[in-house]
Amino acid sequence: MKIDGKTKLVGIIGWPIEHTFSPSLHNAAFTEVGLDWAYLPLSVSPDDLEAAVDGIKAMGFMGFNVTMPHKKTVIEYLDGLSEEAILADAVNTVKRDDDRLVGHNTDGRGFIESLKIDADFLPEGKDALIIGAGGAARSVAISLAMSNVSSLTVVNRTSNKAKILTALIKDNFPECEVKVLSQNDEKIVSAKKGCQLIVNATSVGMRGNPGLPIDVSEIGAGHLVYDLIYDPVETEFLKRANELGAKTLNGTKMLLYQGMIAWEIWTGLKPPADKMIETLNYLMERKA
Ligand code: ATR
C-alpha cells in the first residue's frame, strides 16, 4: 500500500483498539480494487472523544468506524444520524457528507445480510427469540423488526432491560408482537418451540466467559441458532445446538457484512466480498 498526499483517510476509534481486525479488512479491500484510501486504528480514550472527533473532521477524514466504548457517546458530537442509528441509539460508522459528520449503524443490516446470504433465512413473518438486551441485542431486534418478523421474544438476566427493549420495538413497529421472559420463566420452553430463529446476543460463551445463555432443551432441526460471538468461533451454545440438529451461524459473518456495508457507505462502491472474506478468515485463523 502506498500513502501520499492524495490518499483518502478513514479509520476506527476505540479504547482499547489493539485487537481490531478492521484496518486489515478495509485496507485489503482498498488495495484489491486499487483505491488510494487508507484505514487507520485510532486509540481514543473516553475523555478525548470530543477532541478526537473534531480532529478527525478537521483533518478531512472521509469517515470512521466507532467501537467500544464510544458507540453511544459519539452521537452528541455528530451532525446527523441515520434512522437505524437513531433507533439503535448507537453508531458504528460515520460518513463525512461535505462538512457534516453523519452517524450510521451497520450492525443490524450486517446481521440480516448474514441470515439471508449464509443461512438462506428470510426474517419476514418469522418468530425470533433473542437472548440479551444490551447494545448488540438492540441492533438485532431493530433489524429484525425492520425486516417484518412476526414476533420477537426477549429473554434477559435483567428483565427491566428486556422491557425497555421491547417497549422500543412496540412503539416503532406496532405490527411486531413482542414478549419479555425472565431467564427462569417456564414459558421459555414454548417460546423455543414456537420460534424459528434463536439469537444469543449476550456475552455468555465468549472466551473467558464460558457457559450457556439458555438451556438447549427443545432446540432442534427447525431452528436457526445464531450466536453473535465470534471468539471462539464455536461457542458451547452453538456446539450443543449443532449436535441437536439445528442450523447454526456464528458472529463472523455479521462482522464481515457490517464492515462491507460501512466500506460501501464511504466509497459508494460495491466492496470486494471475496477478498474481505479471505482476509477475515486469515485473521481468524491467525488469532485462534
Ligand atoms: P453488547 O454491547 O455486546 O450487547 P452489553 O450492552 O454490555 O454488551 O450487553 C451484554 C448482554 O449480555 C446483556 O444482555 C447482559 O445481561 P444484563 O442486561 O442482565 O447485564 C448479558 N450478560 C452478560 N453477562 C451475562 C451473564 N453472566 N449471564 C447472563 N447474561 C449476561
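The values are calculated or read from the model by the stated rules, or taken from the named source; none is laboratory data. In this text, all values refer to a predicted model and were calculated from it rather than measured experimentally. In this analysis, Cβ positions are derived from the backbone assuming ideal geometry, glycine residues included, and neighbour counts consider all displayed protein chains. Areas reflect the complete protein model, heavy atoms only, side chains present, ligands, DNA and RNA absent. Shrake-Rupley method; radii C 1.70, N 1.55, O 1.52, S 1.80 Å.
Structural remarks
- Contacts under 8 angstrom Cβ, first residue in segment 182-202 being closer than 24 Å to residue 139 by Cα, partner of a type in the set (Ser, Thr, Tyr) and within 16 Å of the ligand (Cβ to nearest atom), 6 or more apart: 182/159; 191/153; 195/153; 197/226; 198/226; 199/226; 200/226; 200/235
- Unmet criterion (only one of (1) in contact with a Pro (Cβ under 6 Å, 6 or more places away or on another chain); (2) of a type in the set (Gly, Ala, Ser); (3) open to solvent by 50 Å² or more (accessible area, probe 1.4 Å)) for residue 147: (3)
- Scanning segment 152-165 for residues that are surrounded by 20 or more Cβ atoms within 10 Å (Cβ to Cβ) and in contact with a strand residue (DSSP E or B) (Cβ under 6 Å, 6 or more places away or on another chain) gives 152, 153, 154, 155, 162, 165.
- Residue list for segment 163-208, filter: more than 25 Å from residue 119 (Cβ to Cβ), at pLDDT 95 or above and within 16 Å of the ligand (Cβ to nearest atom): 163, 164, 167, 168, 180
- Within segment 130-141, the presence of a residue that is open to solvent by 10 Å² or more (accessible area, probe 1.4 Å) and more than 22 Å from residue 67 (Cβ to Cβ) is excluded.
- Check on residue 139, away from the ligand (no atom under 14 Å from the Cβ), within 18 Å of residue 265 (Cβ to Cβ) and assigned to a helix (DSSP H, G or I): no
- Entirely in segment 11-102, the helices (runs of 4 or more DSSP H) that have 3 or more residues that are under 24 Å from residue 256 (Cβ atoms) and open to solvent by 40 Å² or more (accessible area, probe 1.4 Å): 22-33
- Answer residue from segment 262-288, given it is open to solvent by 20 Å² or more (accessible area, probe 1.4 Å) and of a type in the set (A, V, I, L, M, F, W, C) and is farthest from residue 225 (Cα to Cα) among those: 269
- Any pair with Cβ under 8 angstrom, 6 or more apart, that starts in segment 256-278 at a residue that is without any contact (Cβ under 8 Å) to a residue 24 or more places away in the chain and ends at one that is in a loop (DSSP other than H, G, I, E, B) and of a type in the set (Lys, Arg): 264/270
- The criterion of at least 1 residues that are touching a strand residue (DSSP E or B) at 6+ places or on another chain (Cβ under 7 Å) and open to solvent by 40 Å² or more (accessible area, probe 1.4 Å) is met by the following strands (runs of 3 or more DSSP E) wholly inside segment 172-246: 177-182.
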